[in-house]
Amino acid sequence: MKKLGISASLRCALIVCGACGAALADSAAQAQGGAYLGPSAAVVSGDGRRLFVCLSDARQLAVVDLPDGSVIRKVPTPAEPAGLALSPDGRRVYVACAAAAGSVLEIDTASGQVIASLPAGHTATAPALSPDGKRLYVCNRFDHDVSVIDLEQRKELTRVAVAREPVAAAVSPDGRELWVANLLQAGPGNRYGVLSGAAVVTVVDTRTFETAHIRLITGSTSARGIAFTPDGKYVLLAHVLARYHLPTTQVDLGWMNDNALTVIDVRRREVLNTVLLDGIWDGAANPWGVACTADGRWICVSHAGTHELSVIDAPVLLSALEQLPLVAFSNAAFFDGSSSGYTRISNGEDLVNAPGFLAGFRQRVKLPGVGPRGLATFGSQVYVVEYFTDSIAAVALCGEKDAAVHSIPLGPKPQWDSVRRGEMLFHDGRICRRGWQSCATCHPDGRADALNWDLLNDGEGNPKNTKSLVLSHLTPPSMASGVRATAEAAVRSGIKHILMSDRPEDEAAAIDAWLKSLAPLPSPFLVDGRPSPAADRGQRLFNSDKLGCANCHPAPLYTDLKAYDVGSRGELDDRAAFDTPTLVEVWRTAPYMHDGRYTTIEQLLTEGKHGRAHQLSAEQLADLVQFVLSL
């Protein structure tokens, strides 16, 4: 995801970044000036003659003529376009604009004129239309909710709370349910077994707005794509499957991360099974978009890390999953997260531990561009947007034959500077041994996956919570234990010991350049871009001698770069003092402490031996929490 609210974020970044301000300004200028297009999502018109594409970096909607691929129109958007939906009659396209004050543009498809701008929430993304075209659902990523908009009245009816960071949504064919993919798990990071971390899918009843959550299997994270099969019987979810409970001794065979497709039975609201998209020896890093062709013949999944498209024979897969016996599980090894307490297994093995299961009825189609993300289908044609090469891969599905592929350029071939190249490498599974994962697998958007990992750089058996990489180069040392003196050292160690690869120094330097360019986003706890009165009161408490919070977390970085023993040592830890993290963007990085034991700042302050928050009244504590979350 690119930097949202450029001016506000840039001002904040210039305050905290000092010497890197020039690089940030250059990066922001490129984003606004259209040096890169950054196609991220697409939808095809009902007659197959037009393709509408979000150009995230250029802040435009592109209209592409098919089949020749010429760009016939570009419509400016006020912020990064982060998803789109086409009305059933094809006359309107709705584009979500991802800013702190998000919105949705209603655009006339014939003229390209903006008809209306509909307000939405923080980082509006992934709009989904009801089948009758009367209602629009918009994921508000950092408000953790969904806007329900009546399109006839052009009015928001309500907000529906989901779990954490909704980034994709799909409406059932009958319009009665909205299924929402939540990017990250929302619980603590230090639990294992049946209580361990997993993302959930939120199901919304579109008549009553009541919700239910379907827990995915343990380790499910970065759920970026969701779709119904045409008959409405199944929901398909593309996501990463993290083996975070294992020591990171190898990457082969999905030891650290697998890449998965979960199939959910809609009627029973149960996980039917989770199938690995990886081969036996070669990973399929970072699944992103998922779609099923209208005839139900093919399931397609884009792989942003290995620059491929998986094309799966849907009837064969679904038939195989339905025929597997349903047995009760008796231990955590078979826990699938459904409420029933059952999972389907084959010959004593659950499919989630079976790389290569798809062999024989799945094609791995190599795409011509780099960074495939969203995809759209029309008949037997699949269009996959390629983020880093400003292109679209047009894939013709040819039955039992290999798919035919050609490239549609959306503009001149981009010339990557070091920052852009670093962003590409950070998301590129090809720099990992056999393509199992990328840096972005554990650090989506340069942040954190909300899981604990045993990285072995401070010994074995003491997992630590993943840290965000925002401001990491300005806040040494790296890692919770401070075992890497600088972020530069951590980047190179990660390439060698996590990606299990030996790469040229210029690649690590480019990754450094991109990480230095990351600017914190405006907090969703700000009011019209400013701290609330409660946060202002909390800031005074934060800086007071009574509490002394600013002693260890001084502005502007909100860390003194030192390690302290704050009573957080656990039974698995070989030390008591841990690095003081920055509080900038802490609203985004739960769970908290080195072992992820706390899910909220309030819980950290009241349950942990952390500062003098126990001296505060309930009102003062609430004010302090508001300030910290506003940073």
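Return yes when ALA42 is surrounded by fewer than 24 Cβ atoms within 10 Å (Cβ to Cβ), closer than 18 Å to GLY371 by Cβ and not β-branched (Val, Ile, Thr) and no when it is not. The answer is yes for ALA42.
No other residue among GLY219, GLY189 is over 19 Å from LEU276 (Cβ atoms) and crowded, with 23+ Cβ neighbours inside 10 Å apart from GLY189.
Do we have ASP258 as outside the structural domain of ASP454 (by TED's automatic domain parsing), part of a strand (DSSP E or B) and in contact with a Pro (Cβ under 9 Å, 6 or more places away or on another chain) here? Spelling it out, ASP258 is indeed outside the structural domain of ASP454 (by TED's automatic domain parsing), part of a strand (DSSP E or B) and in contact with a Pro (Cβ under 9 Å, 6 or more places away or on another chain). Taking strands (runs of 3 or more DSSP E) as the structural unit, those lying wholly within region 105-155 and holding at least 2 residues that are small (Gly, Ala, Ser) and over 13 Å from VAL180 (Cα atoms) correspond to 114-119.
So that you can scan it fast, the table gives a plain yes or no per residue for (1) touching a helix residue (DSSP H, G or I) at 6+ places or on another chain (Cβ under 6 Å); (2) of a type in the set (Phe, Trp, Tyr); (3) not in a strand (DSSP E or B):
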site: ASP445; (1), (2), (3): no, no, yes
site: ASP449; (1), (2), (3): yes, no, yes
site: TRP453; (1), (2), (3): no, yes, no
site: ASN462; (1), (2), (3): no, no, yes
site: LYS467; (1), (2), (3): no, no, yes
site: HIS473; (1), (2), (3): yes, no, yes
site: PRO476; (1), (2), (3): no, no, yes
site: GLY482; (1), (2), (3): no, no, yes
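Scan region 58-98 for residues that are small (Gly, Ala, Ser) and in a strand (DSSP E or B) and jot them down.
Within region 58-98, the first condition is being small (Gly, Ala, Ser), and the residues that meet it are 58, 62, 69-70, 79, 82-83, 85, 87, 90, 96, 98.
Listed by number, the residues that qualify are ALA62, ALA82, GLY83, ALA85, ALA96, ALA98.
If you check ALA535, ALA519, ALA487, ALA510 for being farther than 22 Å from PRO444 by Cβ and either surrounded by fewer than 18 Cβ atoms within 10 Å (Cβ to Cβ) or modelled with pLDDT of 95 or more (or both), only one passes: ALA535.
Evaluated against (1) out of contact with any Leu (no Cβ under 6 Å at 6 or more places or on another chain); (2) buried (at least 24 other Cβ atoms within 10 Å of the Cβ); (3) under 25 Å from ALA393 (Cβ atoms), PRO230 falls short on exactly one condition, (2). For region 283-328, which positions are surrounded by fewer than 16 Cβ atoms within 10 Å (Cβ to Cβ) and among the acidic types (Asp, Glu)? Listed by number, the residues that qualify are ASP295, GLU322.
Against the list (1) assigned to a loop (DSSP other than H, G, I, E, B); (2) over 22 Å from the mean Cα position of the chain (by Cα); (3) free of Cβ contacts under 8 Å to residues at least 60 places away in the same chain, the condition LEU583 fails is (2). Residues of region 585-604 that are within 20 Å of LEU616 (Cα to Cα) and not aromatic (Phe, Trp, Tyr): THR600, ILE601, GLU602, GLN603, LEU604. Does region 507-525 hold any residues that are among the hydrophobic types (A, V, I, L, M, F, W, C) and touching a residue at least 60 places away in the same chain (Cβ under 8 Å), and which are they? Once the filter is applied, which keeps residues that are among the hydrophobic types (A, V, I, L, M, F, W, C) and touching a residue at least 60 places away in the same chain (Cβ under 8 Å), region 507-525 yields ALA509, ALA510, ILE511, ALA513, TRP514, LEU515, LEU518, ALA519, LEU521, PHE525. When you look at ARG492, is it closer than 20 Å to ARG420 by Cα, basic (Lys, Arg) and under 28 Å from the mean Cα position of the chain (by Cα), yes or no? Yes: the conditions hold for ARG492.
The values are calculated or read from the model by the stated rules, or taken from the named source; none is laboratory data. In this text the structure is predicted, and so the values were computed from the model without any measurement. No Cβ is skipped: glycine too gets one built from the backbone with ideal geometry, and neighbour counts run over all protein chains shown.
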